[in-house]
1. If you scan the stretch 221-277, which residues turn out to be out of contact with any Asp or Glu (no Cβ under 7 Å at 6 or more places or on another chain), aromatic (Phe, Trp, Tyr) and open to solvent by 10 Å² or more (accessible area, probe 1.4 Å)?
2. If a residue must be farther than 30 Å from ALA174 by Cα and outside any loop (DSSP other than H, G, I, E, B), how many such residues does the stretch 230-275 contain?
3. Exactly one condition in (1) at pLDDT below 70; (2) within 30 Å of GLU171 (Cβ to Cβ); (3) touching a helix residue (DSSP H, G or I) at 6+ places or on another chain (Cβ under 6 Å) is not met by ILE203; state its number.
4. So, of the residues in the stretch 22-58 that are among the hydroxyl-bearing types (Ser, Thr, Tyr) and modelled with pLDDT under 80, which turns out to be nearest to LEU97 (Cα to Cα)?
Amino acid sequence: WAIQTITSIGYGNIAPLTATEFAVANGLMLCAGIFWAYVIGSLVDVVAVSSKLQNEYVTRMDEANQLVKNFQDSKLPKSVTGSTTGVKASKRVRRFLTNQKEHSTKNWMDDGNSLTISEEFPTLNLLSPELRRECALHLTHAYLETVPYLSSKYLSPDDQAEIALQCRTLEFAAGEHFSSHPEFGRGILIFKQGSGFSARNLIKKASTWTRSLKGHALDVNEVLVEEDYCKEKQFVYHFVNFTKVLFVPRSAIMNILEKNPVAWKECARWRYFSAALVLESLKDADTLMEVV
């Protein structure tokens, strides 16, 4: 009777009579009650998580609306903003927040938009050094293999893991452009999601465009060249939709190459020379065009 009451199950027209039947009936009712409680609990968890994301989304959209409301000029000319799209800033802000929510990115629940893999996946900080290294490789190995001098052909697993833990995930809205990180400077961009174009200023108001696809690494050669030499002719990357990339800082690349002379001698230095020749030829082209 007590189990029937707790589980809200009745025997109906067929009731147990013997001790064995009572034991079986009680066991089945308890199992059914536990299973039903598990199902209800799982549904509640799903609703709670969805509600948390939705509440966060509503809060951020309210903050965005407050931001837009305080714009002194609702629309500025491209010459002022430097934007490559004609979409209003207010619309781009709302679209960016919506894209973050739809893709359920880690950045959506954080305050920053530049996260290391340890910040993106906090569980890494709880693991042993060996397991942390292995997990870091699982997360980034396929991307690092797209950069010849950072591939497993030249770097050991420990070296690749060292690079991986210094990589950062960056997100960009449609119409944004990028040339260097404000804190970490230049680096390689490896597309995880989205697409964009790279442009280089050859002469005033002239650009060369190259499309970049998912899994493709950008600036592999010229990232090796010194800042002062390539600053005027540096690539600028423009994103045509919501884009997520793996950013490998130049400082991390140069540090690992200093410890791996084979990677530098057999691969990286030739790419360095190739990039230097390209930049020098562009400088000569500009000089010639100015004379003409």
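1. Listed by number, the residues that qualify are TYR229, PHE242, TRP264, TRP270, TYR272, PHE273.
2. Here the count works out to 19.
3. Tallying (1) at pLDDT below 70; (2) within 30 Å of GLU171 (Cβ to Cβ); (3) touching a helix residue (DSSP H, G or I) at 6+ places or on another chain (Cβ under 6 Å), ILE203 fails exactly one: (2).
4. From the stretch 22-58, those among the hydroxyl-bearing types (Ser, Thr, Tyr) are 38, 42, 50-51, 57; that's our starting set.
The next check asks that each one be modelled with pLDDT under 80; those that pass are 50-51, 57.
Details: SER50: 16, SER51: 16, TYR57: 8 Å.
Only one residue fits best here, namely TYR57.
Yes/no per residue for (1) at pLDDT below 85; (2) among the basic types (Lys, Arg); (3) within 16 Å of the chain's Cα centre (by Cα):
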{"residue": "LYS153", "(1), (2), (3)": "no, yes, no"}
{"residue": "ASP158", "(1), (2), (3)": "no, no, no"}
{"residue": "ALA174", "(1), (2), (3)": "yes, no, yes"}
{"residue": "VAL223", "(1), (2), (3)": "no, no, no"}
{"residue": "TYR229", "(1), (2), (3)": "yes, no, no"}
{"residue": "VAL245", "(1), (2), (3)": "no, no, yes"}
{"residue": "LYS259", "(1), (2), (3)": "no, yes, no"}
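The values are calculated or read from the model by the stated rules, or taken from the named source; none is laboratory data. In this text, all values refer to a predicted model and were calculated from it rather than measured experimentally. Reconstructed Cβ throughout: ideal geometry from the backbone, glycine too, with neighbour counts over all protein chains shown. To get the accessible areas, we keep the full protein, side chains included, count just its heavy atoms, and leave off ligands, DNA and RNA. Shrake-Rupley method; radii C 1.70, N 1.55, O 1.52, S 1.80 Å.
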